[in-house]
Amino acid sequence: DARVTQTPRHKVTEMGQEVTMRCQPILGHNTVFWYRQTMMQGLELLAYFRNRAPLDDSGMPKDRFSAEMPDATLATLKIQPSEPRDSAVYFCASGLQGDSTEAFFGQGTRLTVV
Amino acid sequence: AQSVTQPDIHITVSEGASLELRCNYSYGATPYLFWYVQSPGQGLQLLLKYFSGDTLVQGIKGFEAEFKRSQSSFNLRKPSVHWSDAAEYFCAVSPRSNDYKLSFGAGTTVTVRA
């Protein structure tokens with residue numbers, strides 16, 4: 001059963017701490033998205049990668065956020081330092097370019113910064 | 001500017017009644033169109049998608065959507081809702097290019113009453 005796996009599912013951290021969220025895309029998928037969901041802003045695209053290269057990270061605050069794909073099986077989203085306004089659910093999704101463009105979503109990481 | 005609008009924030013419907021969720025888009029050219037569903041605490045699941053061809057698209061869980069180019073709309077329908085259809089529904093669009101990043105509407109929350 002192929003699925004996108006995100007860890008951790010929940011994270012509570014203190015303001016100023018570093019937070020790393022991980023995503024394992026579906027094997028064979030070459031595109032990975034990071035979305036942030038909040039009540040106020042809804043679903044926002046933070047960044048996305050194709051074949052491990054960042055294509056667009058314009059939605060991501062550059063001063064504190066960074067996204068990488070160390071290899072094809074792992075995508076990371078890091079916040080350093082974290083702030084209370086970063087509290088949200090962060091979703092990773094993966095897809096295969098050219099194959100119906102469907103994006104498969106993970107279950108998300110619920111981040112609370114206190 | 002490109003945008004996706006879901007005019008209804010919240011809809012309440014009786015079990016067994018029909019459901020229609022509205023989605024309008026503003027794009028330079030007809031984009032790819034999607035409907036996703038999100039159950040509480042879960043990620044997003046694709047219900048259906050439109051790329052071309054028949055403007056009435058069938059999806060999973062008994063849902064269908066109709067693309068109307070003249071109205072720039074892609075409304076989602078279900079003839080008879082079940083209590084398990086209570087969830088949040090998102091309309092999404094993606095440009096017809098190699099750059100298929102999804103942009104989401106604000107979502108419509110559906111409550112099903114017995």
When the Cα atoms of chain B are enclosed in a convex hull and the volume is divided per residue, what value in Å³ results? 101
Residue among A:LYS62, A:LYS11, A:LYS78 with the largest mean-square fluctuation in a Gaussian network model of chain A, springs linking Cα atoms under 10 Å: A:LYS62
Within a Cβ distance under 10 Å of A:SER82, other residues only, what is the Lys/Arg minus Asp/Glu net charge? 0
Among the lysines, select those whose C-alpha is under 21 Å from the C-alpha of B:LYS78, and discard any that sit fewer than 8 residues away in the same chain. B:LYS49, B:LYS61, B:LYS68
Between B:GLY62, B:GLY28, B:GLY16, which gets the highest mean-square fluctuation from a Gaussian network model of chain B, Cα cutoff 10 Å? B:GLY28
Using all C-alpha to C-alpha distances in the protein assembly as shown, build P(r) with 5 Å bins and read off the rounded percent in each one. 1, 7, 14, 18, 18, 16, 12, 7, 4, 1, 0
Counting only C-alpha contacts under 8 Å and six or more residues apart, can you give the relative contact order of region B:3-113 as a whole percent? 38
Within 10 Å of each Cβ in peptide A:50-58, how many partner chain Cβ atoms are there on average? Round it to a whole number, please. 1
Connecting every pair of Cα atoms under 10 Å apart in chain A and solving the GNM, the largest mean-square fluctuation among A:LEU77, A:LEU46, A:LEU27 falls on A:LEU27
Give me the lysines in straight-line cross-link reach of A:LYS78: C-alpha distance below 24 Å, same-chain residues under 8 apart excluded. A:LYS11, A:LYS62, B:LYS101
GluC sites (Glu not before Pro) in region B:1-73 lying in a DSSP loop, each with at most 16 other Cβ atoms within 10 Å of its Cβ, come to B:GLU15
Residue-averaged beta-carbon neighbours from other chains (10 angstrom radius) around A:103-110: 4
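Any read-out appearing in this document is the output of simple, stated calculations on the displayed coordinates, not a laboratory observation. Please read these numbers as outputs of a predicted model, since none were measured by experiment. Cβ: placed from backbone, ideal geometry, glycine included. Neighbour counts: every protein chain shown.
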